1. So in region 96-127, with the set limited to residues that are assigned to a strand (DSSP E or B) and surrounded by fewer than 20 Cβ atoms within 10 Å (Cβ to Cβ), which one is nearest to the chain's Cα centre (by Cα)?
2. With respect to A138, determine if the residue is in contact with a strand residue (DSSP E or B) (Cβ under 9 Å, 6 or more places away or on another chain), at pLDDT below 75, surrounded by 13 or more Cβ atoms within 10 Å (Cβ to Cβ) and among the aliphatic types (A, V, I, L, M).
3. Starting from residues that are of a type in the set (S, T, Y) and without any contact (Cβ under 8 Å) to a residue 60 or more places away in the chain, keep the ones in region 162-195 and report whichever is nearest to T226 (Cα to Cα).
4. L197 versus (1) in contact with a strand residue (DSSP E or B) (Cβ under 7 Å, 6 or more places away or on another chain); (2) closer than 19 Å to A131 by Cα: which is the lone unmet condition?
5. Quick check on my filter: what residues within region 215-225 are part of a strand (DSSP E or B) and touching a residue at least 24 places away in the same chain (Cβ under 8 Å)?
6. In region 124-141, is there at least one residue being in contact with a helix residue (DSSP H, G or I) (Cβ under 9 Å, 6 or more places away or on another chain), in contact (Cβ under 8 Å) with a residue 40 or more places away in the chain, of a type outside the set (V, I, T) and closer than 20 Å to V219 by Cα?
Amino acid sequence: MDAGLQKRVSLGALLFAVFAVCIAILATVLLANDSKHLNSLLTHFNLAPVTRSAEAPPKTKPAKRQKSATRKVYLPPHLLKFEQKGDRASFARDFVLSGKDLCDRFTATGFSNPQGWHAGPVNIRNFECMADLVAGKAADPAERASLFLEIRGEASGEVRSIRMKAVAPETPDGATILAKLDEALSMIVGQTRFADLASMIEPARGMQPYQAQHFGISVSVKPEPTAPHRLNVILLASEQSPGVKLTRQFFDRDRWLRPAAASDRPALYPAVRRNRAL
C-alpha cells in the first residue's frame, strides 16, 4: 500500500472515531434526566406533542377587612347622671295647651281681661294673663263675690302655672261664682286632656281642701283658714320628686344649643352669595 492511501485511511478512521465520540456525548446529554433535553429539542422543532401538566392556580388570600376608625362621641354630663347617682327618671308631663289660647277662652266666657297674654313687668321672658269676674255689687268690695284668674308661662305660650282665687260667700252671687269656678276647672281639664285632674272639681265645689301630685303637675285646693268662703286653686308644673326633676332636666331646652337667630348669623358678602348660587 502506498503512502497516500494509508494516509487517507488513517484520516478517515480518526474522523469516524471523533464522530462516534460526539454522538455518544450528544446521546448522553439528550437522554439524561429521563430524556428531558431530547423532549425539549423535539418540542422546539415541533416534532413531538407538547404535554404540560396543568398547574394549579395560585392561592389568593382573602382581603382583610379594614376596621373603620372609631369616632368618639361626647355627651353632656347630665345625660348620664342617672347612671352615676342611681336616680331613675319617671314619667312627667306639662300643660299641653297654649297660654294665649286659654286666656282668650276665659275672656270669651265673660272674664275681664284688659291686657291679654302679655310679658311680665319684671322679666320679659315670663308671660302672664290676669283676668277676673265679679258677680253682684256688695257694700264691701273685699267681700264681693268674684273669681280671679292668673296664668303664667313663657313667650312661646307654654303654661307653667294656673292660679284661681274664688270669693264665694253664702249668697246667690257666691253660688254664681262657684258655678263659674266649676265651669273654669272643667274647661281646664278639657283643654289639657288630663282626665285625672277632674278629681279636683268636687273638692273645689264643696270648698274643701285637696292636694295631689299628677305626674309632674301638682294640684292644690285650699280654703283660707280665716275666711273659709275664700278658695285658692293652684295647678303647677312641679319638680318635687327626684325622678320628675331628672326628666325635666333632660328635656330642658336651655341646656341645649339653640339655633342662631337670623340677626345673630354672620352676614354673607356678595362673593359668598355668588359662589352659593353657582
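The values are calculated or read from the model by the stated rules, or taken from the named source; none is laboratory data. Source: prediction; values computed, not measured. We place every Cβ from the backbone using ideal geometry, glycine too, and count neighbours over all the protein chains shown. The protein model used for the area step is the full one, side chains on, heavy atoms only, and it has no ligands, DNA or RNA in it. Shrake-Rupley method; radii C 1.70, N 1.55, O 1.52, S 1.80 Å.
1. Once the filter is applied, the top-ranked residue is S98.
2. Yes, satisfied.
3. The extreme case among them is T171.
4. It fails just one condition, (2).
5. I217
6. no
Here is a yes/no grid of residues against (1) assigned to a strand (DSSP E or B); (2) at pLDDT below 90; (3) among the small types (G, A, S); (4) open to solvent by less than 60 Å² (accessible area, probe 1.4 Å):
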residue	(1), (2), (3), (4)
I151	yes, no, no, yes
V159	yes, yes, no, yes
R163	yes, no, no, no
E170	no, yes, no, no
S186	no, no, yes, yes
G190	no, yes, yes, yes
M207	no, no, no, yes
